[in-house]
Each structure stands twice: as C-alpha cells, then as structure tokens.
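Values in this text are rule-based calculations from the coordinates and carry no lab data. Because the structure is predicted, anything quoted here is derived from the model rather than measured. Here Cβ is always computed from backbone atoms with ideal geometry, including for glycine, and neighbour counts include all displayed protein chains.
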Amino acid sequence: MTEANASLAEAPEEEKVKINRQEFLNLAWLASLGFLVLEVSGVTVLFAYPRFKEGEFGGIFTFGKVTDLPEKGSGPANIPKVKLWLSHTDEGVIGLYKVCPHLGCLYGWSDQDGKFICPCHGSQYELDGDYIQGPAPRSLDRFALQIVDGETGEILADNSTTDFGPISLNNFPENAIVQIDTGNRTEGANHD
C-alpha cells in the first residue's frame, strides 16, 4: 500500500448528519416564514414608493405651447388623462381639477350654457371655477400652473405663490410652454 492510500484508509468516514422529522418541520416552517417576510417587505416598499411620473396624474403635465391654449372666453380644454380642465378667462389661464367638490362626480363643460355643470346633483361653476349654484360646498379645486421658456427651461410665471390664481398670458414668447403640477392642488373657496 502506498502512503496516500494508507492515510485514506486511516481517516474516519464522515458521518452523515441525520435530522428527525421535528427538526425538518421546524426548518421548513422558518423558511416559509422568511419567504413571507420578504414578500410582505417587498410589497410594502413598492406600495410606499411614489410612482408619479411626468405626464401622469400626480406629476408634472406638459400641455404644450401657450399658443395651443383655447381662445380667451371660449370653452376650456379638456384633458381627461390628468383629470384637468384648462380655462382661459379674461384674467388669464387657470387649471381646474375635474372632480366636483360635492361628492366627487366628474363634471363637464356645457357650451350651450357657457358654464361647468355636474351631472350628478346639478352644481354649476363659472369658467374660472367659481361656484354659481347647487349643493357643492365650495368652488372648484385648482392646480398649480407655470409657464416655462421652451428653450432655456426658465420659469417665466408660476401661480403656486399667488393662491393658484389665473396666469395672464401677456408678453410670453411663442415657444413658452404651459406645465401643470397635478400633485399640487388647492381647494376652491367656500361659498357660505
């Protein structure tokens, strides 16, 4: 016998570790609990992480150029993707949330009557979102708007510092872009 074979023959064989049924069930239970904790943690992180992207409701929506806005005093622009009406009043442009403050119905613009009318309970609002009549407790909610230079990205006007009021469209370059922050909304004024 060679020396290598002799050392192998002398080495004790490794004993196989045997686990009984109770130990196996404990390990299986702990492994399943670990997977459950990982799944719940993953879902919690995904749920808590904000998913607002540009162009979607809850983020910054770029309408287009100032020249694309509706004419002053005409009907508002309907943007259903982000639940928004863009109105061009005598005072300027204003972004209105498309949900009635009464019970959350989606109201519409009536060209015939020249006002917003909620089909559910008949609340009515002016072109700028001011309350006219009906069961609604306040005027329509407004979004923050800003006018941005299309070339430099410089903010030319921003209504979030002036109670989300209308932005006058005087003296803006033709390449100016209208952006609406649908994540920045204020409630309309109470009428009582």
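Of note:
- Tensor-based shape of segment 98-149 (alpha-carbon gyration tensor, a/c under 1.5 rounded, otherwise prolate or oblate): prolate
- Lysine pair count for the chain [Cα-Cα under 29 Å; pairs on different chains or 8 or more apart]: 17
- Taking the chain as a Gaussian network of alpha-carbon nodes connected by springs under 10 Å, the highest mean-square fluctuation of the residues 18, 83, 72 belongs to 18.
- D_trans [Stokes-Einstein, Kirkwood Rh over alpha-carbon pairs] for segment 88-192, 20 °C, 1.002 mPa s, µm² s⁻¹: 148 µm²/s
- Equivalent ellipsoid dimensions for segment 71-117 as semi-axes, Å, which come from the Cα gyration tensor, largest first: 18, 13, 9
- By average C-beta atoms within 10 angstrom, highest first, the peptides 87-94, 102-109: 87-94, 102-109
- You can think of it this way: the chain between residue 124 and residue 65 has 18.3 nm of extra reach, that is 0.36 nm per residue less the Cα-Cα gap.
- For the chain, the square roots of the Cα gyration tensor eigenvalues, ordered a ≥ b ≥ c, give a/c of at least 1.5 with a/b greater than b/c, which places it in the prolate category.
- Only helical runs count toward this figure. For the chain, summing -39,500 (n - 2.57) over DSSP H runs of n ≥ 4 and dividing by all residues gives -6500 deg cm²/dmol at 222 nm.
- Gaussian network model of the chain, Cα within-10 Å springs - most flexible of 22, 112, 146: 22
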